[in-house]
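K.L.:
Before I ask anything, let me first share the structure, which is written out below as structure tokens.
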Amino acid sequence: MHRDYFLLTGGYERWLYRFIRKTAGTGPHGWKWKLKTLYERSGSTRSYKYFSRDLRKIIDRGMLLDYRLSAFPRERETWLHACKAGKPAKPFASKP
């Protein structure tokens, strides 16, 4: 766990960090997930519209503790890409 985890003030930030930490690993390609799937996995009671907006604010900062974040459109949906900040970013293959 990152030493600054408890300095995160937002519930979505804490949840997203724990989720990424558990699923992203340390591979060079990082991790990707559909925002809609993140919404379903989060258990949020807010509508997807507001969940997505709040998540995009976190993603727009570019970093969440020791993970680099970015959003990209693919297959008519928005995806989140996360990788360890110390790893060089490598693009994903074009296959779904």
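K.L.:
Mind running the shape call on the range 30-86? Use the C-alpha gyration tensor, a ≥ b ≥ c as the square roots of the eigenvalues: rounded below 1.5 for a/c, prolate if a/b tops b/c, oblate otherwise.
P.N.:
prolate
K.L.:
Note down the nm distance, to one decimal, between modelled labels 7 Å out along Cα→Cβ at His29 and at Asp4.
P.N.:
Each label point lies 7 Å from its Cα, and together they span 2.9 nm.
K.L.:
Quick one: of Lys22/Lys57; Lys22/Lys84; Lys22/Lys49; Lys49/Lys84, which pairs are farther than 18 Å apart, Cα to Cα?
P.N.:
Checking Cα-Cα distances, Lys22/Lys57; Lys22/Lys49; Lys49/Lys84 exceed 18 Å.
K.L.:
What is the range 30-86's relative contact order, in percent, from Cα pairs under 8 angstrom and six or more apart in sequence?
P.N.:
Relative contact order of the range 30-86: 41 percent.
K.L.:
Near Lys36, which aspartates and glutamates are there with a Cα under 18 Å away, not counting those fewer than 8 places off in the same chain?
P.N.:
Glu13, Asp54, Asp60, Glu75, Glu77
Throughout, read-outs are computed from the coordinates displayed, never taken from laboratory work. The model shown is predicted, which means the values in this text are computed figures rather than measured ones. Quick reminder, even Gly has a Cβ in these numbers, built from the backbone with ideal geometry, and neighbours come from all protein chains shown.
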